[in-house]
Amino acid sequence: MKNVTFTTQRSISRRAMLKGAGITLALPWLDAMSAAFAADPKPPMRFIGLLNYFSFHAPNLFPKEAGADYIATPYLEGLQPHRKEFSIISGLNHPEVRDGHASDKSFFTGAPHPGSPSFKNTVSLDQLAADKIGRDTRHASLNFSTSGAYSCSYTRSGVAIPPETSAARAFATLFIDGTPAEVAEEVARVQEGQSILDRVAGEAKRLQRDVSAGDRDKLDQYFTSVRELEQRMVRSENFARQPKPKPGVPIIKDPGPGEDTTRFGLMLEVARLAVQTDLTRIVTLYYVGTSKTPSKPGTSFAYHDLSHHGQDKGKLSQLAILERDLLLEWGKFIGRMKEARDGGSRLLDNTMSVFGAGMGNASSHESTNLPVLLTGGRFKHGQHIAHDPKNPPPLCNLWVQMLQEMGVETGKFGTSNAETLNGLSV
């Protein structure tokens, strides 16, 4: 029996809380929350997916050298304190996705021809994972954006999920308890949903007596779906009655107008707190910078205009400030994930985060050689994984690997071709 752990300690519930003096504190994942007899007990794997609408200026991002000995580019210089914690991946794209700004719709799905009038999206990898593992947490997934008009999360039917755009509102929803009346109202909404399901199920059962064997099979499938939904509603009711975890940080407030990069950083912090307290294991965040007050005093500019730089040196200079600041926020996020504990390991080791874009060149609207930055999880990092842009593997190959790391047993997603990405070993 190899790699089997024995323990005489009592198993602790994943939902165990510390209580005292009117304070309730949710526990992060602990080794004692694993079964008393288990093979290599590990905390669950989380996923935080980040999308940048206007991409990154590739010459400032991609190193010329492949491997671990690459020379840091201007955009990567600020991330060097975390060099061993992330990988930069170049040369990837989605087959049959060459649709400029519309390519963002396919970043986490791989669905072809997003710019076509007849385009119908498919499920995004976060929602596929949420369907499989989301039942274990209070929130199956969280979807954030800096603009309410843009979402990077899609249901099984390809419908965009409306995002939360306020870091302050998200923080309050996750961590600030409502009044007794508000909690009762939330429970009542769930209970009403249960009573409706009961009535629908009763009507459907009566149909079984009068239908064919084929229809009875369909009704059996329907009952299974109803029962699963009922179970989810019972879990929702239980969660609604539980106190929310106390994250141990000051209340997060939204920044002023134009501070989109700061808003991005605050939403990253809410995402970190949410996965650390195990309120969810899946978060997506879409950065759509419309205006920006960068770190350089006395300047202010719009991201969209600068992304269409046409090689203008003045615009490229300002664009570099904006995108460097954005990546510095991502670097701060990595630092906080390194410091946060998750049982006997770092939260970063149990959380995969990918930061990318649907265009490789926003100035010319090209959707090849997509920028992909990957941190965390159990992957080998500290390298530039370079693929041939003329013969690229599909980006969905990475999505399959990440789904498998989350415990979603699948060998196929979107346009994947059953191959793993070279150099990205676990």
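Structure above, values below:
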item	result
Qualifying residues in the range 301-324 (those that are open to solvent by 10 Å² or more (accessible area, probe 1.4 Å) and touching a Gly at 6+ places or on another chain (Cβ under 9 Å)) - the one modelled with the lowest pLDDT	304
Matching residues in the range 75-92 - criterion: being over 17 Å from residue 49 (Cβ atoms) and not charged (D, E, K, R)	75, 76, 78, 79, 80, 81, 82, 90, 91
Hits in the range 345-355 (condition: over 19 Å from residue 247 (Cα atoms) and touching a residue at least 40 places away in the same chain (Cβ under 8 Å))	352, 353, 354, 355
Breaking point among (1) at pLDDT 95 or above; (2) open to solvent by 10 Å² or more (accessible area, probe 1.4 Å), for residue 409	(1)
Answer residue from the range 144-160, given it is of a type outside the set (Ser, Thr, Tyr) and modelled with pLDDT of 95 or more and is nearest to residue 275 (Cα to Cα) among those	144
Checking residue 355 against (1) among the aromatic types (Phe, Trp, Tyr); (2) open to solvent by 10 Å² or more (accessible area, probe 1.4 Å); (3) within 21 Å of residue 73 (Cα to Cα), the condition it does not meet	(2)
Single residue of 368, 375 found to be touching a helix residue (DSSP H, G or I) at 6+ places or on another chain (Cβ under 6 Å) and either open to solvent by 40 Å² or more (accessible area, probe 1.4 Å) or part of a strand (DSSP E or B) (or both)	375
Pairs, first part of a loop (DSSP other than H, G, I, E, B) in the range 404-421, second loosely packed, with under 12 Cβ neighbours inside 10 Å and among the charged types (D, E, K, R), C-beta under 6 Å, six or more apart	none
Output for the range 63-95, where each listed residue is among the hydrophobic types (A, V, I, L, M, F, W, C) and within 23 Å of the chain's Cα centre (by Cα)	76, 79, 86, 88, 89, 92
Top-ranked residue in the range 103-132 [being more than 20 Å from the chain's Cα centre (by Cα) and of a type in the set (Gly, Ala, Ser); ranked as surrounded by the most Cβ atoms within 10 Å (Cβ to Cβ)]	115
Tally of residues being out of contact with any Phe, Trp or Tyr (no Cβ under 9 Å at 6 or more places or on another chain), under 26 Å from residue 400 (Cα atoms) and not in a helix (DSSP H, G or I) across the range 324-344	0
Filter result for residue 344 (more than 22 Å from the chain's Cα centre (by Cα) and of a type in the set (Gly, Ala, Ser))	yes
Flag if residue 135 is open to solvent by 60 Å² or more (accessible area, probe 1.4 Å), among the basic types (Lys, Arg) and modelled with pLDDT of 80 or more	yes
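The values are calculated or read from the model by the stated rules, or taken from the named source; none is laboratory data. Not measured: the values here are computed from a predicted model. Cβ sites come from the backbone with ideal geometry, for glycine too, and all protein chains shown count toward neighbours. Ligands, DNA and RNA are excluded from the accessible area calculation, which covers all protein heavy atoms including side chains. Shrake-Rupley method; radii C 1.70, N 1.55, O 1.52, S 1.80 Å.
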